[in-house]
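A short reminder: the numbers here are calculations on the coordinates, not readings from a lab. The model shown is predicted, which means the values in this text are computed figures rather than measured ones. Neighbour counts are summed over all protein chains in view; Cβ atoms, including those assigned to glycine, are modelled from backbone coordinates with ideal geometry.
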């Protein structure tokens, strides 16, 4: 199939993921607020080690942002770097501290993070297959002027997620000497999204990935411009995925009335079954994102989840925007 015919098929029918979609997308033309990002996390509670990292391309601003948040024994090591887009390494070996490797597209990634105190080498392998929440969406259509609604200028159009199994090694150092080595083993998660996304346009946001021994519950609920969007999936061993269609959220905060400490999520699936999931924060990282529209505040939280008599762990992410 020629490139022109393949592109026409995608525009007229749908966009089906391929291995190439693991990498960056360059269509030569991008609307304002076009953003492509790769997000990874893992939780190893026995070792008290948590990782959250995000690599993003901001096409309109012609820059890339790299964030690594490594939490060890309750202490966060934060790496942040802004790179001009034209200087972004094609192989994602960012520098001598941070490197990302797509080992097997749609199946396996490797992340390395190194500084004077730590040396992390972690492998993330798919625990369940990719879930494409935007299946049937035509991303090329959004490149056409006036072809998207005001709300669609806020949310990314393409988005897939995958629960992972994390294995690897964490070396702790002091004055150049190795003082401890921990063998990493736990559950993780990743997502990859691209399209128009204006963080400052989102009023509120909850994103949850709760990992249990035999299943992963993953969902989001967001509000922007008076419209609520919600979606999710329940991955289970030996069973078909079940779509989540409705999410109710009740959150308790600290005295500042902002920092979440626990939440109750009541989710309803496509079959009408309700499930109640409780979260309790064990680590919280505050990430402010100022923009011309106001202040967007993100709380990236490692949490313990309880559901149906089971205990698991994962990430509960909260976002809110205060307008100027």
Cα-based shape type of segment 170-217, given that a ≥ b ≥ c are square roots of the gyration tensor eigenvalues and the cut on a/c is 1.5: oblate
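Taking the number of other C-beta atoms within 10 Å as the exposure measure, put 22, 215, 270 in order starting with the fewest. Please report the intermediate quantities before stating the final value.
Details: 22 17, 215 23, 270 13.
If I rank by nearby Cβ atoms, fewest first, I get 270, 22, 215.
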At 7 Å along the Cα-to-beta-carbon direction for both residue 286 and residue 169, put a label point, then send me their distance in nm to one decimal. 3.8
Relative contact order as a percentage, the chain, C-alpha pairs under 8 Å and 6+ apart, gives 13
Please give, to one decimal in nm, the separation of the simple spin-label points placed at residue 27 and residue 119, each 7 Å out from Cα toward the Cβ. 4.4
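To the nearest 0.05, how large is the calculated FRET efficiency for residue 97 and residue 243 if R₀ is 35 Å and r is the Cβ-Cβ distance? Write down the numbers at each step before the final one.
Values: r = 39 Å, r/R0 = 1.12.
The calculated FRET efficiency here is 0.35.
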7 Å from Cα along Cα→Cβ at both residue 80 and residue 65: what's the point-to-point distance in nm? 0.8
Name all residues of segment 90-122 having a backbone nitrogen under 20 Å from the label point set 7 Å from the Cα of residue 181 along its Cα→Cβ direction, giving them as ranges. 111-122
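As a test of the formula, what do you get for the chain when each DSSP H run with n ≥ 4 contributes -39,500 (n - 2.57) and the sum is divided by the residue count, at 222 nm and rounded to the nearest 500 deg cm²/dmol?
Details: 1 runs with 10 residues, N = 324.
So the helix-based figure for the chain works out to -1000 deg cm²/dmol.
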For 205, 199, ascending order of other Cβ atoms within 10 Å (fewest first) is 199, 205
Contact order normalised by residue count of segment 199-324, Cα under 8 Å, 6+ apart, percent: 25
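Listing 50, 131 from the residue with the fewest other Cβ atoms within 10 Å to the one with the most, what is the order?
On the way: 50 25, 131 19.
Neighbour counts put them in this order, fewest first: 131, 50.
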For residue 199, project a label point 7 Å along Cα to C-beta. Then give me every residue of segment 21-55 with its amide nitrogen under 18 Å of that point. 32-41, 52-55
With a ≥ b ≥ c taken as the square roots of the eigenvalues of the C-alpha gyration tensor of the chain, please select rounded if a/c is under 1.5 and otherwise prolate if a/b is larger than b/c or oblate if it is not? rounded
Rank-order 293-301, 64-72, 225-233, 25-33 by packing density, defined as the average count of other C-beta atoms within 10 Å over each peptide's residues, highest first. 64-72, 293-301, 225-233, 25-33
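For residue 255 and residue 106, FRET efficiency with R0 = 35 Å and r from the beta-carbon atoms, rounded to 0.05? Write down the numbers at each step before the final one.
Details: r = 45 Å, r/R0 = 1.27.
About 0.20, to the nearest 0.05.
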Gyration tensor (alpha-carbon) shape descriptor, segment 165-324, a/c threshold 1.5: oblate
